[in-house]
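J.: Pasting in a structure now, in structure tokens, and then I'll have a few things to ask.
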Amino acid sequence: MSASMTPNLTLNTEALLPADEAELAAMIASARGPLRIRGGGTRPVGRLSTDAQELCTSRISGITLYEPGALTLVARAGTPLAEIEAALDAEAQRLPFEPMDHRGLMGTEGTPSIGGMVAANASGPRRVQAGACRDSLIGVRFIDGSGAVVSNGGRVMKNVTGYDLVKLMAGSWGTLGVLSEVSFKLLPRPETEATLVLEGLDLAGAVAAMAAALGSPFEVSGAAHLPDGRTLLRLEGFAASVAYRGKALAARLAAHGEAALLDAGESAALWRQVRDVAPFHGRTGDVWRIATRPGEAPALAGRAGGTALLDWGGGLLWLLLPPGQDLRARLGNFTGHATLIRASAETRASLPAFHPEPGPVAALSAGLRRRFDPRGILNPGLMS
């Protein structure tokens, strides 16, 4: 592992390991200082509070409800994501949003958990078609900073409370509450997939080709551009439909270059690399993640320097940069936000991981944290 890659993070205090939701609530209620919330330990993003006690949810595990006919699954937060995916695969179903596995990029071990996935709103290439993790999340149970159990949503997409806590918890990184159970709507797994590959496009050309594909009627479920110059366009569905759409899309994109068509096995392996940002694995440097307008991605990548990988048709820009650089200062004002995903401990101590929020949004976020964590004990400072 290089010096700039994030190591496995451990705290100098004995970890709290609740066995169930009741123990979790009791531990939070009785806490006398800050808590560092840990699921599977695969996504150590943000600043680590050195005086916090670790609270690990890995023992709060298990699928509590799976109804394939209703396309619904409920699981405790510590359930390994692999266990969820195995159960869904047996019924030819899947989580729609293709969650990323951060271990290769971050240099971590651990086991990705379903609760950690929700806390990070971890969403992969299929987001361009199926939406993000929060769009498939239909219910949550969590423990707030006072130790109270809070439940919102359920097995249907209906919410009549004052807060849409289902959406708020996705991407909150444990700062509003500690998840104990999550509920999802699912989708059937398609019969097959294939990927069109265009070679040799620069970033601007790749974004133009991806925009043309995503704007076509051919239901593209992934649009990415790799650092080696390959532009990838994924099609999924019934075999006959995928074959027809592949030929039609290649013809439509002829002005952007000749497209090769990869079969299902090659396609699936390639999109796992995109999902997990495999071209940056094991390489020295800091990793930044920029969400922006697709049309702005080439210019941002040019200003940033380094190595770029585009996903979501250009709406997601991954950058590998020399260690210690303040990317936000280099880019200045732009539409979107930049998150420092991987860096040395020194860089993470000097640069906030998350993009500064505009004043009104920051005030709203602070108010939510005061409401759900009045003592300020849940991952304090993580998102600052």
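What follows draws every value from the coordinates through simple rules; no lab data is involved. Note that the structure is predicted; figures quoted are calculated from it, not measured. Every residue, glycine as well, gets a Cβ built from its backbone with ideal geometry; the counts of neighbours run over all protein chains shown.
J.: Compute for the range 261-384: radius of gyration divided by Kirkwood radius, i.e. Rg/Rh, restricted to C-alpha atoms, rounded to two decimals.
T.: My calculation puts Rg/Rh at 1.04.
J.: Sum up the charges of everything whose Cβ sits under 13 Å from the Cβ of Ala170, counting Lys and Arg as +1 and Asp and Glu as -1, but leave Ala170 out.
T.: Here the charged neighbours net out to +1.
J.: If you rank Trp271, Trp173 by fewest surrounding Cβ atoms within 10 Å, what's the result?
T.: Trp173, Trp271
J.: What list do you get for Leu24, Leu316 if you sort them by fewest beta carbons within 10 Å?
T.: Ranking Leu24, Leu316 by Cβ neighbours within 10 Å, fewest first, gives Leu316, Leu24.
J.: With the contact rule set at Cα under 8 Å and sequence spacing of 6 or more, what percent relative contact order holds for the range 192-275?
T.: 43
J.: Suppose a student asked you for the relative contact order of the range 282-350, using Cα pairs under 8 Å spaced at least 6 residues apart; what percent would you report?
T.: 43
J.: Sticking with this one: Please compute, over every Cα-Cα pair in the range 282-350, the percentage with a separation greater than 13 angstrom.
T.: Cα-Cα pairs in the range 282-350 separated by more than 13 Å: 59 percent.
J.: Enumerate by residue number the chymotrypsin sites (Phe, Trp or Tyr not before Pro) in the range 205-244 meeting two conditions: DSSP loop (anything except H, G, I, E, B), and at most 15 other Cβ atoms within 10 Å of the site's Cβ.
T.: Phe238
J.: For Ser30 and Glu258, what is the calculated FRET efficiency with R₀ set at 45 Å and r taken between the beta-carbons, to the nearest 0.05? Could the numbers behind the result be given before it?
T.: Working: r = 65 Å, r/R0 = 1.45.
Working from the Cβ atoms, E equals 0.10.
J.: Using only helices, what value at 222 nm comes out for the chain when you add -39,500 (n - 2.57) per DSSP H run of length 4 or more and divide by the total residues, to the nearest 500 deg cm²/dmol? Please list the in-between numbers first.
T.: Details: 14 runs with 115 residues, N = 384.
Mean residue ellipticity at 222 nm (helix-derived): -8000 deg cm²/dmol.
J.: For the range 251-261, take each phi angle, set θ = phi - 60°, evaluate the Karplus expression 6.51 cos²θ - 1.76 cosθ + 1.60, and give the result in whole Hz per residue in order, putting x for glycine and proline.
T.: Each residue of the range 251-261 in turn: 5, 5, 9, 4, 5, 8, x, 7, 10, 8, 10 Hz.
J.: When only alpha-carbon atoms are used, what values of Rg and Dmax, in angstrom, describe the range 192-275?
T.: Cα only, the range 192-275: 11.4, 32 Å (Rg, Dmax).
J.: Which residue, Met100, Met210, Met27, tops the fluctuation ranking in a GNM of the chain built on C-alpha contacts under 10 Å?
T.: Top of the fluctuation ranking is Met27.
J.: What are the radius of gyration and Dmax of the chain, computed over its Cα atoms and given in Å?
T.: 20.9, 65
J.: If I fit a long axis through the Cα atoms of helix 21-30 and take the longest principal axis of the Cα atoms of the chain, what angle between them do I get, 0 to 90°, rounded to 10?
T.: 60
J.: Using the count of nearby Cβ atoms within 10 Å as a rough guide to exposure, how do Cys56, Cys133 rank from fewest to most? Display every interim value, and only then the final one.
T.: Values: Cys56 18, Cys133 25.
In order of increasing Cβ crowding within 10 Å: Cys56, Cys133.
J.: I need the GluC sites (Glu not before Pro) found in the range 215-298, filtered to DSSP loop residues with at most 11 other beta carbons within 10 Å of theirs.
T.: Glu258
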